[in-house]
Every structure is written in C-alpha cells, then in structure tokens.
Amino acid sequence: MKMLCSLAVVASLISLPALAATPAAQLDNKPAFIAGLIKKMTLEEKIGQLRLISIGTEMPQPRILQEIAAGRIGGTFNTVTPSENRPLQDAAVKHSRLGIPIFFAYDIVHGHRTVFPISLAQASSWDMDAIALGARTSAIEASADGIDMTFAPMVDISRDPRWGRTSEGFGEDPHLVSEIAKVTVRGFQGTSAANRDSLMASVKHFALYGAVEGGRDYNTVDMSPMRMYQDYLPPYRAAIDAGAGGVMVALNSINGVPATSNTWLMHDLLRKDWGFKGVTVSDHGAITELVRHGVAQDNREAARLAIKAGIDMSMHDALYLQELPGLIKSGAVSIREIDNAVREVLGAKYDMGLFHDPYRRIGVAANDPADVNAESRLHRAAARQVARASMVLLENRNQTLPLKKSGTIALVGPLADSQLDILGSWSAAGVARQAITLRQGLRDVAGDKVRVIYARGANITNDERIVEYLNYLDTDNPEIIQDKRSPADMIAEAVKVAEEADVIVAAVGESRGMSHESSSRTRLDIPASQRALLEALKATGKPLVLVLMNGRPLELTWEQAHADAVLETWFSGTEGGHAIADVLFGDYNPSGKLPVSFPRSVGQIPTYYNRLRVGRPFVEGKPGNYTSQYFEEKNGPLYPFGYGLSYTDFDVSPITLSAPAMARKGKLDASVTVRNTGARDGETVLQLYIHDEAASVVRPEKELKDFRKVALKAGESRTVRFTLDEDDLKFFNARLQHVAEAGQFAVQIGLDSENVQQAVFELR
Ligand code: NOJ
C-alpha cells in the first residue's frame, strides 16, 4: 500500500504515460501501433516485456510493483481476483514510462471457481458441447476475476498411464484430442480473445510432453518423425488452427534437443510450417533448465539458445532480464531477435484487448465481488451436467446399478467424503468446501426412503512415505490427513456397516495428488490399504459397487473380477457428488466412453489401441509361440479405448456404403442403424475407425476418424451417416508427406474400438 502511494506521487511528478496520448485511430492498425510502440521502447523495456513472473513465489509484493513500474515485467500469473490485479495493472499503466499494460495468466485447466471434471474425464464424455460449456464457463468466471490468459488446453497425447499428468490431458487418441483442442480453444476465446468475457488460450505443452520415457515426468522424449507427425503433433496444430493465441513450450527434450532451445520445433514447424502468429512462453524455469539438460554451459548460453529458438517469454526465471543485455552488447543476440519476441508479446496483449482497455477484465473497484467465492458466482448446474456425461460405467453385473431409491446403502472408502480429492489436480481457484462429496450427493439425491450409513474404511494408503511425498508441497495444508485408527479397526467398522446394508458403495482410487504433475507411478493398482478394505467388503456377500476416483487408467483386474458394478468417475469436480449420485440412482443413464485404454498390468504398457501393425500379430483365441504377445497373462487391454456401458443396450447394424469405391477428392458415405434395444432411454457414442489394408509404410491397426454421440429413447433406432473423404485416409509417409495412397481400406463402426462392424472400400 505504502509502495503504491509513493508510486502515485512519483507518477504525478513525471509526464503521463505515452499510451494515454495514443490516438484512437492508431489503435485500429495493430502492426503500425505495435511498431510505433517498439520504436519508443528502450532495450530494458523491451526485455522487461519478455518476463512472465509467478506471483507469490518470486518476490514480495512491493518489489513486484516496483519492477512493473520500471517496465521490467510483461505479465504475471497466479493472481485470481480483480482486487489483486488492479494495483499490478495500475503500476504498469499509470506508473511505468510507457504505460504498457501487463497481462494476467493462470492455469485454468478444468474450471476456475466452479471446478469441472478433470480433462481426462471431460474427454470421456465424447460430448463436444459439454466440453465447450466447461471451457466457456471457465472463461466467464476467470475473466470476471481479472484474468486474461489461461495456460490451457493441455493437449499432450499420453499413452503411458504411469505419467501423473495423464489426468490433465484428453487421452491417447490424436483425432479425439484434436477435436477437443478445437472446442476448448473456441470455448476459452469465444468469438474473440479481446472480449471482456474471453481468455486467451495458450496451448501446452509444445511438444510431445506426454511421451516422456517410462511415464516418468520431465523425462526424455525420443520419437520417430512419422509418429510425431501422425499421432502427437495434430492436437497442438488443431488448437493453433482454431486460433489459440499462445503456446507454452514443453519441459522435455525431443530427440536430443530440449523444446525450449529447439529451433526446428519453434521456428521451422510452429512458425514457418504452421504459420503460428501468437506468443510463445517457456514453462516454469525451463530456460534455466537448459543448463541442467546439458545443452547450455551457463545461464547466458541458455538465454541465447532460448531467444534464438523463438521463446518469447521466459516464465519464472529472470534469465532474459539478466542475460539479454550482455548478449546484445556482445552481438550474440541481435536487436531484431529481441524485437521479434517483443512484437509477439505486445501482439498478444493487443489481441486480448488490453491496449484498448487494460482494465477490461479487472473492472472498477466499486464492482469488485464482496466475496469472490460467493455461491452466486458458481455454475453448479453446468458442472453437474458435464460431470454426469463424463462418467464411464465399466461393469454392471446382474443390473446392480441403478440403485433403488429405498433400503440401506453402506457408503465406504477414503474418497467417499473428501471435498479436496474430488476436485482433482489443477483445481484453479476452486475451493474444497464448496465441493459436493459423494456422501453429500447421495444424501441429496437419494430421497428420504434411503438410509445411507457411512464408514471411511481405510486411508488412501498406509504407506507413510507416500503420504509424506503427497503432503510435501504444502506442509501447512496437508492434502492427506491420515485417520489414526488401525487399518483393522477401520475395516471392521466398514464391514459392520456393510452387514447392515442392502448394497455397498465403495469410493476408492487415488488421492488427487497421485495423478498430478510430478506424480509418476510404477504401480497402477488401487493402494493396498483400499484393496484390503474391498476384500473384506466382498467377503460380506453384499452387492459391491465401486465408485472409482482416479486421474489415470488403473490396473483393475481384481476389481473387474470381484465387484458387481464399477463406475469410473475420475475426479468429477465441484458438483461431482451430485453427478455420481445421479448416475448411481439412474437419474442419468451413463454415456461416457474411455478416451484411454486400461491395461491389465503395468508390464503391458503401452496398450494404446492405434498401435502399428506387426509381422507376427497375436491372434486372440489362438495362442502360440512366436507371435507378439506376453505369455503370462491375457493379452490386450482390460478395457479398450472407446469402451463404456449404459443401463440400456444398443445394437449396431452392418455398415452400408454409398459406393464400393471413393475417387480422389470424392466422398463416401458409411451408414449404420443404431438401435436402443433396452428398456431405458440412453445415449451412446458411435465410433468410426479406418484400417488401411496396405500402404508404403506400416499403418496402425485402426484409427479413429469420426464419432457421433447419439441419444435414443427405449426401442428407438436411428440411421447415422458418416461421410468420409480423402483427408480421412491421409497419413504421413516416410518422407513426411501427408498423402492418401490408393488401395483397399476397411471402415469400422462400433460402440468401442474392439466391437465393430466392418465394410471394405477402395480409394482409386
Ligand atoms: C508448470 C507446468 O508444467 C505448466 O503446465 C503450468 O502451466 C506452469 N507450471 C504454470 O503454473
């Protein structure tokens, strides 16, 4: 406060910031306006624009204000209220020499105040309208809190569930993730990133971060160019083509060169081939990490490599600030290179509307919300709707689900009443006390004929080392609070409760921190403390319903064999408890499908469905030596990509093709009739896969090319027509040309990646 007053005094003594005098007409011409501004800037001011600082971790508030006023900061992240952002913007606009606004960013990955289900869950909905609703709502909430940019969507394809950040992405498939990349960018940015209620999207982590070796976070990525182009790069490209204004650069190296110093990636591919015109930001401290990667001798070399590669802003390190002046002086970096980066930063600010009105999202103090967490600011109905659509029914023996709204339910498990865990990782400005747990959700949805009796039954884990690790980040606010009773006592209490009940609902899985950045796992089973609980519950003979909460595919062979029903709910957000209860009681008929394959064991990883063909394929039901398989257990995933049950059944007819062949530039229709053969209304996802019979390079067994979510009343049937064209048959050949080669193709349509109808056609 004191600092602000003194800045105000200083400002009153000096002339008004230059921007205050900018003629409005000049603002209409972006390139001219920015070029004019760059001309007025000192080298120090230019370098200042390239610095993105994290509030709360780098320096105390008075120092931040000083640095901003001195023109040494271009943007900040981690503030979440207008009243926090206003003084920072004042320091930039009212007290810096040129009055250039700063921008405010934040990790709004799956919600802001209202937390939507984690990204992997949203992908499970295969519902683009639902996902768009999540992004749009997040933008409305976050922009009302004075935020201009989100570090999202995170579109890293991940095929190794050991990676903790699997939870932040949208799964293993390039087509599905690309479709989601588009709708999320459009959802965040609305019709224009300059709108008052829009956020600029900064797609991440460019590139291939999800392919870290062994699923170990921050590890190396080594990948063939064909795989890169075919499978891993398309989602970033889709986000950029949809207009994402920013790109966050990955922490990993790619074939020996860190993304942060990778000229091929940042210049040749992103700017030249893809025509990206926005701003690039490094990830947290990534420029300094070039020294640890061993590609830079020291910080100076790291800064030189990064700026030359095309990293416009340096996040959370002062390296550009410290090193660029010396690099310019020595001639190692040219002023043109600095100007290029500055132009992108100013361009992004222009596109966010900040030169027109730096306070367009911050607003005036008189309108600041009295309580930023007020109930009225939440969008609970939207969150509940998206969460319901995100759940995947994995098992349902003897129609155990839906539950009756009468009788006694034993609710057990360490996740049944945890407000924090249900939010999932990166829960932004969401607060746990506003989250609906399953316990609360059951109470609210069940009605008064149901008695719910609760026992925790187990801790998330009994392994104190793991608890310590998960609590390490914030020791003042531990995420995991252990119940001090003995495991045996807790289980005994749960069994007692179960024995009184008609059915057991067990909420088990991972704590949210277990599926997070830097939370890679070597095992994917449900921790031993919870498995012991499940075994004891199973022994009661009561129907056992598992409600899974987790952020990655788990190894569920025991659960699959022993539970009567299994509902994958992921981390379902602020309204999670209501949404789960809606599904358990059948008020909502589950319609989600897995966006990732579930392995039978860690040893099977990777299990992604769109694997390349091999010379000695394993054929189910025909065991034999010298085929590509593991001999100790059943091959193939436990649950395949695209899989998910409903409370009703669907039947898909054989495929009708509009013609036996497709001409180049022509089209071909593939139609099926899907019928709801059960007694309930429901929704399912028709999935269309292409299998290229023979090509100049090895092609995947199948690839998703289209999908349609279809709602059908009980007994209703509908003919669904998909239209294919040459683009659907294209792939990157050995020379990285995107081509469709003439020959035979199979089109497959079904309700998951394994159970499909098939028809064959030719491309001529
Ligand atoms: C590091 C993470 O890798 C990235 O995803 C995130 O956006 C930044 N930190 C900022 O919080």
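On the basis of the beta-carbon distance and an R0 of 30 Å, T42 and W264 show a calculated FRET efficiency of 0.35. Kirkwood Rh and Cα-based Rg: tell me the resulting Rg over Rh for region 644-684, rounded to two decimals. Rounded to two decimals, Rg/Rh equals 1.20. If you filter region 275-354 for chymotrypsin sites (Phe, Trp or Tyr not before Pro), then keep DSSP loop positions with at most 10 other Cβ within 10 Å, what is left? When the chymotrypsin sites (Phe, Trp or Tyr not before Pro) of region 275-354 are filtered for loop state and at most 10 Cβ neighbours within 10 Å, nothing remains. To the nearest ten degrees, helix 128-143 and the longest principal axis of the Cα atoms of the chain are 40 degrees apart. How far is helix 30-40 tilted off the main Cα axis of the chain, in degrees rounded to 10, range 0 to 90? That works out to roughly 50 degrees. Applying both filters, DSSP loop and at most 12 other Cβ atoms within 10 Å, to the trypsin sites (Lys or Arg not before Pro) of region 708-741 gives K713, R735. Between V364 and Y630, the simple spin-label model (points 7 angstrom out along Cα→Cβ) gives 6.5 nm.
Taking 17 Å as the straight-line reach from the Cα of K277, the aspartates and glutamates in range (excluding those fewer than 8 positions away in the same chain) are D241, D268, D312, E337, D339, E344, D351. Equivalent ellipsoid of region 595-659: semi-axes from √(5λ) of the C-alpha gyration tensor, largest first, are 26, 18, 12 Å. Among beta bridges identified by DSSP and lying wholly in the chain, the antiparallel ones come to about 55 percent. Here's the picture: charge each Lys and Arg Cβ at +1 and each Asp and Glu Cβ at -1 in the chain, and of V720, H356, F188 the one pushed furthest to the positive end of that dipole is H356.
Modelled label positions at K277 and N462, each set 7 Å beyond Cα in the direction of Cβ, lie 6.2 nm from each other. The convex hull around the C-alpha trace of region 293-386, projected and averaged over every direction, spans 10.7 square nanometres. Plainly put, region 402-509 has a radius of gyration that is 1.01 times its Kirkwood radius, both from alpha-carbon atoms, as the Rg/Rh ratio. Largest accessible area first, the listed residues H112, H356, H516 line up as H356, H516, H112 when surface is computed with a 1.4 Å probe on the assembled protein chains.
In this structure, the pairs whose alpha-carbon distance is over 24 Å, taken from K542/K709; K39/K349; K496/K593; K182/K730, are K542/K709; K496/K593. Counting only Cα atoms, the chain measures 80, 66, 48 Å along its principal axes, largest extent leading. In a reduced charge model with +1 at each Lys and Arg Cβ and -1 at each Asp and Glu Cβ, region 650-763 shows a dipole moment near 280 debye about its Cα centre. Estimated purely from DSSP H runs of n ≥ 4, each contributing -39500 (n - 2.57), the mean residue ellipticity at 222 nm for the chain is -8500 deg cm²/dmol once divided by its residues. With a ≥ b ≥ c the root eigenvalues of the C-alpha gyration tensor of region 190-254, is it rounded (a/c under 1.5), prolate (a/b larger than b/c) or oblate? The shape class here is prolate. The accessible-area ordering, largest first, of the residues S314, S224 stands as S224, S314, per a 1.4 angstrom probe. Label sites at A528 and R616, each approximated as a point 7 angstrom past Cα along Cα to Cβ, lie 3.7 nm apart. Close amide H partners of S418, meaning residues 5 or more places away or on another chain with modelled amide H under 5 Å apart, are L438. If the label point is 7 Å along Cα→Cβ of Q482, which residues in region 529-570 have backbone nitrogen under 13 Å from it? Backbone N within reach: 529.
Overall, the chain carries a charge dipole of about 1260 debye about its Cα centre when +1 sits on the Cβ of Lys and Arg and -1 on the Cβ of Asp and Glu, all other atoms neutral. Largest to smallest in accessible area, the residues T408, T114 fall in the order T408, T114 (1.4 Å probe, all protein chains included).
Remark: C-alpha extents of region 61-131 on the principal axes read 50, 19, 15 Å, sorted largest to smallest. Can you compute log10 of I(q)/I(0) for region 650-763 with the Debye formula, treating each Cα as one identical point scatterer, at q = 0.11, 0.15, 0.20 Å⁻¹? Reported log10 I(q)/I(0), two decimals: -0.38, -0.65, -1.01.
The values are calculated or read from the model by the stated rules, or taken from the named source; none is laboratory data. All values reported here derive from a predicted model rather than from experimental measurement. Glycine gets a Cβ as well: all are built from the backbone with ideal geometry, and neighbour counts include every protein chain shown. Accessible surface areas use protein heavy atoms only, side chains included; no ligands, DNA or RNA. Shrake-Rupley method; radii C 1.70, N 1.55, O 1.52, S 1.80 Å.
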